[in-house]
Amino acid sequence: YELRGVTLPPEQNYASESFGDETFPMVAVSEDSNITFRNICGGMRLHLKGSAKVACITVEGHDGEPLAGQAKVLAYSDGSAPVIIMSEESLTSVTLTCPGGVQLSEDHATSFVLTLPPTEFTKGFTVTVRDTEGRTFTLRTDKPNSVLRSNLLNMPEVALSEADSPDNPGCPYIN
């Protein structure tokens, strides 16, 4: 079965320890009354520490990977995993907004989870964190990473003070 008009939102709202509301689609196909829903997407979990109050986080691949926008989903009645195919007009970044800001701690990391389609970041990706004071912190990797359907790409814990910022230029993402 082909489902058209599926939209992966380019802007997602923060939810503590989880995906934002209405951002993690599932699909089910059945030829009888037994329905089993299957996840369509995967996600990325960031673990951030520091003294900043996070306003938003943006993820973008280094090779123009499609991450949001219109897609179609192929779903199967035989229980096979669904497949998402992003449109040519897809957007290449996803932003997680944190209404009111999320206060980080110096002592323990706060998790931020973004929904992403299954994606191979062959040239790595960049994460841009903006805080409520207007500061920008950049975390990046040039190493290949994969977001798999129904899985989280867990990134290592990082302190924003170690990120690339106006006070600390050029510091790369921790491998």
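The values are calculated or read from the model by the stated rules, or taken from the named source; none is laboratory data. Values in this document were obtained by computation on a predicted structure and should not be read as measured data. Note that we place each Cβ from the backbone using ideal geometry, even for glycine, and neighbour counts take in every protein chain shown. For the accessible areas, the whole protein counts, side chains as well, though only heavy atoms, and no ligand, DNA or RNA atoms are used. Shrake-Rupley method; radii C 1.70, N 1.55, O 1.52, S 1.80 Å.
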Theoretical gain in end-to-end length, Leu3 to Gln103 [0.36 nm per residue, Cα-Cα removed]
32.1 nm
Can you put Ile84, Ile40 in order of accessible area, largest first, using a 1.4 Å probe?
Ile84, Ile40
Let me check something: with ligands and nucleic acids excluded, how do Tyr76, Tyr1, Tyr14 order by accessible area (1.4 Å probe), largest to smallest?
Tyr1, Tyr76, Tyr14
At a Cα cut-off below 26 Å, give the lysines reachable from Lys72, other chains included and same-chain residues fewer than 8 away excluded.
Lys123
Measure out, as a whole number of angstrom, how far apart the alpha-carbon centroids of the range 126-142 and the range 93-120 sit.
11 Å
The percentage of the accessible area of the chain (probe 1.4 Å, all protein chains present) made up of carbon and sulfur atoms, to the nearest whole number, is 47 percent
Ignoring everything but the protein chains, give the 1.4 Å probe accessible area of Leu160 in square angstrom, nearest 10.
10 Å²
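Where the eigenvalues come from the Cα gyration tensor of the range 63-133, what are the semi-axes √(5λ) of the equivalent ellipsoid, largest first, in whole Å? Write out the running numbers ahead of the final one.
Values: eigenvalues 182, 50, 31 Å².
Rounded to whole Å, the semi-axes are 30, 16, 12.
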Per residue accessible area of the chain, 1.4 Å probe, in Å²:
51 Å²
Here the chain gives, from Cα atoms, an Rg and Dmax in Å of 17.1, 60
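In the chain, what % of DSSP beta bridges are antiparallel (nearest 5)? Write down the numbers at each step before the final one.
Values: 45 of 54 bridges.
Of all bridge pairs located within the chain, approximately 85 percent are antiparallel.
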Please give the per residue volume of the convex hull enclosing the alpha carbon atoms of the range 1-90, rounded to a whole number of Å³.
129 Å³
What FRET efficiency do you get for Thr132 and Ala81 if R0 is 35 Å and r is their Cβ-Cβ distance, rounded to the nearest 0.05?
0.35
So which aspartates and glutamates can Lys143 reach, going by Cα to Cα under 20 Å and dropping same-chain residues fewer than 8 places off?
Glu60, Asp63, Glu65, Glu120, Glu157, Glu162, Asp164
